[in-house]
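What follows is a set of notes on a single structure, which appears directly below.
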Amino acid sequence: MTAARAHVGEFALSDADFATIARMTHAHSGIMLTDGKRQMVYSRLAKQVRRRGMTGFGPYVELLRNDADARREAIFALTTNHTRFFREDHHFKHFSKVVRPGLVEQAERGGRVRLWSSASSSGEEPYSLAMTLLGEDQAAGARLAQRDVAILATDLAPHVLATATAGRYPAEMAKDVPDRFRRAWTRAERDEMVIAPEARRIVSYRQLNLLEPWPIRRPFDAIFCRNVMIYFDEPTKERLLARFAELLAPGSYLYIGHSERVIGPAVPLFEPVGQTIYRRVA
Ligand SMILES: C[S@@+](CC[C@H](N)C(=O)[O-])C[C@H]1O[C@@H](n2cnc3c(N)ncnc32)[C@H](O)[C@@H]1O
């Protein structure tokens, strides 16, 4: 059986059409679609072919060539947005123990505290960070939220940013949030867990493509870039890490995903200080 006919489904996805989709996706987002992703590409994009009343992938790929909006929509549909609250919780424990005390002091002295969740998906990561920064004492956390503290949360895909901005999650997700933070920074409302206004207020969501120029000038105290570099090729990862290094002052921190590592020209700029945790050196 040829690869072109390897897909059981209502439409055929030819090698040439798959290659075009993979090329466009890589050029726009850095995401690599290897042959192993064919079934995923098929199932996510067949919905769009059907919705547009098209007869197959041929005319759909032709549309993608000519219509930037349709192309963007396809690429957003091809992002993998899996996440959860306090995922890889050793990062939040490290942040709480090692980084937070200095940042709280900085904020209380009137200084500026800036954190970046750079592939935030639907908000679980930046809200976990917000809760960790505000701490378990609600009154002290509410005072801290009044200071100059902010978490920038960005992602390529607008559909996940819409969920993130709403700050409402199915109630069963509450099991991932440690009790002390759940009590302080969420409330139960019917079948939902709602993020408290103080935690929401310190997080700002923006759509941002990590491959494009960033409208960011001032440095961060910590950057979280977790479980997105796995989708990129090596040169893209290297460039990204070097750009993060530019936005981290010496002594500030970079947190990356469990299967990721610092590679390329940024290596001498980061000292490993924990499991997938790096400190920017001078
Ligand atoms: C698997 S999620 C990771 C979410 C979270 N950081 C975590 O570790 O739980 C990867 C996210 O990266 C986003 N993404 C993929 N390519 C991107 C790009 N070029 N620029 C910005 N975000 C991108 C996807 O939309 C997706 O929401």
| query | Given the rule -39500 (n - 2.57) for each run of at least 4 DSSP H residues, summed and divided by the residues of the chain, what is its mean residue ellipticity at 222 nm, to the nearest 500 deg cm²/dmol? | reply | -12000 deg cm²/dmol
| task | Work out, step by step, the length gained on full extension between residue 65 and residue 148: first 0.36 nm times the residue separation, then minus their alpha carbon distance; give nm to one decimal. | result | 25.4 nm
| said: Once each part is reduced to its C-alpha centroid, what is the distance from segment 61-109 to segment 169-206 in angstrom? | reply: 17 Å
| Once the dipole of segment 124-214 is set up with Lys and Arg at +1 and Asp and Glu at -1 on Cβ about the Cα centre, which of 131, 146, 195 lies farthest towards its positive end? | 146
| For 148, 69, order by how many other beta-carbon atoms lie within 10 Å, fewest first | 69, 148
| query | Where q = 0.09, 0.15 Å⁻¹, what log10 of I(q)/I(0) comes from the Debye formula for the chain, counting one point per Cα? | reply | -0.48, -1.12
| note | FRET efficiency (residue 55, residue 15; Cβ distance; R0 30 Å; to 0.05) is 0.95
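Quick note: the coordinates plus some simple rules give every number you see, no bench work behind them. None of the values given here were measured: they were computed from a predicted structure. FYI the Cβ positions are ideal-geometry reconstructions off the backbone, even for glycines, and counts take in every protein chain you see.
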